[in-house]
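First comes the structure, then the notes that go with it.
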Amino acid sequence: GKAPNLFNDVPIGKHRVLISKPGYADRMDDVEIFENKQTKISGSLQRGDKTLVPFTVKGVTFKMVKVEGGTFTMGATKEQGKNAYDEERPAHQVTLSDYYIGQTEVTQELWTAVMGSNPSEFKGDNLPVTDVNWDDCQAFIEKLNRLLSNELGGKRFALPTEAQWEFAARGGNMSQGYKYAGS
């Protein structure tokens, strides 16, 4: 719509505001409403697709990155050379739709905010969480989905499939034949 907009009867407390317009990247702002005080949100929207989506859980913010879908060769490609395992053969074509993936691994800070404890041997808020198994990760995702259910609009967090992880790690549609994630 047009700005400025004035909203009355907004409950006192903390709120997440989503500002969107077709053809522009969405913008989310956290605001706190106080009694008898006007709160302003100002800023601008950037043209383009929504490629980075921030979420905040118990004061910890993490970002999901949009990966444009496409077709790629999964498995032991020529770039892997002799570094490929037998179970990665034969290489095969996989087609994926658009999806979002975490900008980084789940940090110890985020894990602690969601789960209440940090199982990692080597501690550091910004380090990836370690010493967890598949069941631990499923419990984390279930709690994360519960904590952020209002912001997800019916969508849910899940572990990426092997194909989703490999496509993103190789650079998605912008891949230059990368051998390793981060090449």
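Listed values, structure above:
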| read-out | value |
| --- | --- |
| Neighbours by Cβ (under 7 Å, 6+ apart or cross-chain): first from the stretch 156-176, farther than 23 Å from residue 136 by Cα; second surrounded by fewer than 16 Cβ atoms within 10 Å (Cβ to Cβ) and among the hydroxyl-bearing types (Ser, Thr, Tyr) | 170/178; 171/178 |
| Meets criteria (within 15 Å of residue 173 (Cβ to Cβ), aromatic (Phe, Trp, Tyr) and either touching a helix residue (DSSP H, G or I) at 6+ places or on another chain (Cβ under 6 Å) or not in a strand (DSSP E or B) (or both)) for residue 62 | no |
| Subset of the stretch 21-42 [modelled with pLDDT under 75 and open to solvent by 70 Å² or more (accessible area, probe 1.4 Å)] | 21, 22 |
| Considering residues of the stretch 1-17 that are within 27 Å of the chain's Cα centre (by Cα) and open to solvent by less than 100 Å² (accessible area, probe 1.4 Å) only, the residue modelled with the highest pLDDT | 13 |
| Some residue of the stretch 128-141 being of a type outside the set (Lys, Arg) and closer than 27 Å to residue 18 by Cβ | yes |
| Residue among 78, 58 that is at pLDDT 90 or above, open to solvent by 40 Å² or more (accessible area, probe 1.4 Å) and either of a type in the set (Lys, Arg) or closer than 21 Å to residue 153 by Cα (or both) | 58 |
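The values are calculated or read from the model by the stated rules, or taken from the named source; none is laboratory data. Here the structure is a predicted model, which is why all the values come from computation and not from measurement. As a convention, Cβ positions derive from the backbone with ideal geometry for all residues, glycine included, and neighbour counts pool all protein chains shown. Surface accessibility is based on the protein's heavy atoms, side chains included, excluding ligands, DNA and RNA. Shrake-Rupley method; radii C 1.70, N 1.55, O 1.52, S 1.80 Å.
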